[in-house]
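Trainee: Pasting in a structure now, in structure tokens, and then I'll have a few things to ask.
The values are calculated or read from the model by the stated rules, or taken from the named source; none is laboratory data. All values reported here derive from a predicted model rather than from experimental measurement. Glycine also receives a Cβ, built like all others from the backbone with ideal geometry; neighbour counts cover every protein chain displayed. Heads up: the accessible areas ignore ligands, DNA and RNA and are worked out on the full protein's heavy atoms, side chains in. Shrake-Rupley method; radii C 1.70, N 1.55, O 1.52, S 1.80 Å.
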Amino acid sequence: MIKRPTGRFFIMPTTKDFLSTLAPLSDAARAPAMRAYMRDQFPFLGIPTPARREALKPLIRDFKGAPSAELIGVASELWQFPEREYQYAALDLMAAHWKQFESADLPELLAFVLRKSWWDSVDGMAGIIGDVLRFNHHEMDAALKHDNFWMRRIALLHQLGWRGKTDEMRLFRYSLALGHENEFFIQKAIGWALRDYARHAPHNVALFISENKTALSKLSIREAGKHLSPGG
């Protein structure tokens, strides 16, 4: 049982509640196409995102005020199931209650990045981690140097949407540090991070690209410059 800030106690939903909510929505006819879209990395129940989120909304809402350990515990249990919708449910749960996490929770949150990794779950975690960081960069220098490229992708993407709060020099430094890599998901992330910041500081990004053409991949440059005018 969990005590809300109001002082009232209530029974927290469990992983079984998530399973019993999603199972009836399974659609075997949809599942193969969803699996194929993810390059056959994971099996699927065949539940569209809007239907999944609508069905789980009451359960996720009931975690308001829950300790971060409870959120991580349920998310970890969901993460263990093979069908991808359970990882999406875990991401939805953590994203809805990101304000209940603190910097001390970052190591456990980052651990999700290394389990059943693919761009969909990693990018979902990047958004959650970016919110939890609240405009600081705790653990990100270590993530940049991690052996796993998905963790390095987190370091590149953690400032997405920060606009004027973006640490520009850090963004440029991270981009150059990984600019030599041949990994597609790293090259793409560099371009994405730069393109996102270019909405706030187009001239600075254009100048950075111009001065570092030999240090960045063609893919990164192409992605970064998608919405830049020729003059920056």
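Trainee: Please provide three numbers in whole Å: the alpha-carbon extents of the stretch 58-195 along the principal axes, with the largest listed first.
Mentor: Taking the Cα atoms of the stretch 58-195, the three principal extents are 43, 32, 23 Å.
Trainee: Given Cβ point charges of +1 (Lys, Arg) and -1 (Asp, Glu) and nothing else, what value in debye, to the nearest 20, does the dipole of the stretch 99-232 about its Cα centre take? If you can, show how the numbers build up before the last one.
Mentor: Values: 18 positive and 16 negative charges, 91 e Å.
Here the size comes out at about 440 debye.
Trainee: Using θ = phi - 60° and the Karplus form 6.51 cos²θ - 1.76 cosθ + 1.60, what ³J(HN,Hα) does each residue of the stretch 75-91 get, whole Hz, x for Gly and Pro?
Mentor: Running phi through 6.51 cos²θ - 1.76 cosθ + 1.60 with θ = phi - 60° gives 4, 5, 5, 5, 4, 6, 6, x, 5, 5, 4, 6, 5, 5, 4, 5, 5 Hz.
Trainee: Taking the Cα atoms only, what angle lies between the long axis of helix 49-61 and the longest principal axis of the chain, rounded to 10 degrees?
Mentor: Once rounded, the angle reads 60 degrees.
Trainee: Also, quick follow-up: Report the calculated FRET efficiency for SER210 and ALA51 (r = Cβ-Cβ distance, R0 = 35 Å), to the nearest 0.05.
Mentor: The computed FRET efficiency comes out at 0.15.
Trainee: If you don't mind, another one. Over the chain, with the other protein chains present, what is the accessible area per residue in square angstrom, probe 1.4 angstrom?
Mentor: Ligands and nucleic acids excluded, the result is 50 Å² per residue.
Trainee: Around PRO32, what is the net charge, scoring Lys/Arg as +1 and Asp/Glu as -1 over all other residues with Cβ under 14 Å from its Cβ?
Mentor: +1
Trainee: To continue, here is another question. Taking Cα atoms, how many degrees apart are the long axis of helix 119-133 and the longest axis of the chain, rounded to 10 and kept between 0 and 90?
Mentor: It works out to around 90 degrees.
Trainee: Once neighbouring chains are kept in place and the probe is 1.4 Å, which whole percent of the accessible area of the chain is contributed by carbon and sulfur?
Mentor: With neighbouring chains kept in place, the figure for the chain is 54 percent.
Trainee: Just to verify a number: FRET efficiency for ALA28 and GLU168, C-beta to C-beta distance, R0 = 30 Å, to 0.05? Spell out each step's value before the answer.
Mentor: Values: r = 49 Å, r/R0 = 1.62.
That pair, ALA28 with GLU168, gives E of 0.05.
Trainee: Under a no-solvent Debye model with one identical scatterer per Cα of the stretch 50-105, what's log10 I(q)/I(0) at q = 0.16, 0.22 Å⁻¹?
Mentor: For the requested q values the scattering log ratios are -0.45, -0.82.
Trainee: Please report, largest first and rounded to whole Å, the three semi-axes of the ellipsoid equivalent to the chain, where each semi-axis is the square root of five times an eigenvalue of the C-alpha gyration tensor.
Mentor: Square roots of five times the eigenvalues give 35, 21, 15 Å.
Trainee: Determine the gain in length on full extension of the stretch ASP141-LEU228; use 0.36 nm per residue of separation and subtract their C-alpha separation, reporting nm with one decimal.
Mentor: Details: separation 87, 0.36 × 87 = 31.32 nm, distance 2.83 nm.
That pair, ASP141 and LEU228, stretches by 28.5 nm at full extension.
Trainee: Tell me, what is the Rg over Rh of the stretch 134-232, with Rh the Kirkwood radius over Cα pairs?
Mentor: Checking Rg against Rh, the ratio lands at 0.94.
Trainee: Can you tell me the convex hull volume per residue for the stretch 96-163, based on C-alpha atoms, in Å³ to the nearest whole number?
Mentor: Measuring per residue, one finds 85 Å³ for the Cα hull of the stretch 96-163.
Trainee: Under unit Cβ charges (Lys, Arg +1; Asp, Glu -1), what dipole magnitude, rounded to 20 debye, does the chain have relative to its Cα centre? All intermediate terms of the calculation are to be shown ahead of the outcome.
Mentor: Details: 31 positive and 26 negative charges, 104 e Å.
Here the chain has a charge dipole of around 500 debye.
Trainee: How much FRET efficiency would the formula 1/(1 + (r/R0)^6) give for ASN148 and LYS99, where r is the Cβ-Cβ distance and R0 is 22 Å, rounded to 0.05?
Mentor: 0.20
Trainee: Divide by every residue of the chain the summed helix terms, -39500 (n - 2.57) for each DSSP H run of at least 4, and state the resulting mean residue ellipticity at 222 nm, rounded to the nearest 500 deg cm²/dmol.
Mentor: Taking each H run of at least 4 residues, the total per residue is -17000 deg cm²/dmol.
Trainee: Take the stretch 134-189, compute every pairwise Cα distance, and split them into 10 Å bins from 0; I just need the percent in each bin.
Mentor: 24, 59, 17, 0
Trainee: Ok, one more. Å³ per residue of the Cα convex hull, for the stretch 1-123?
Mentor: 100
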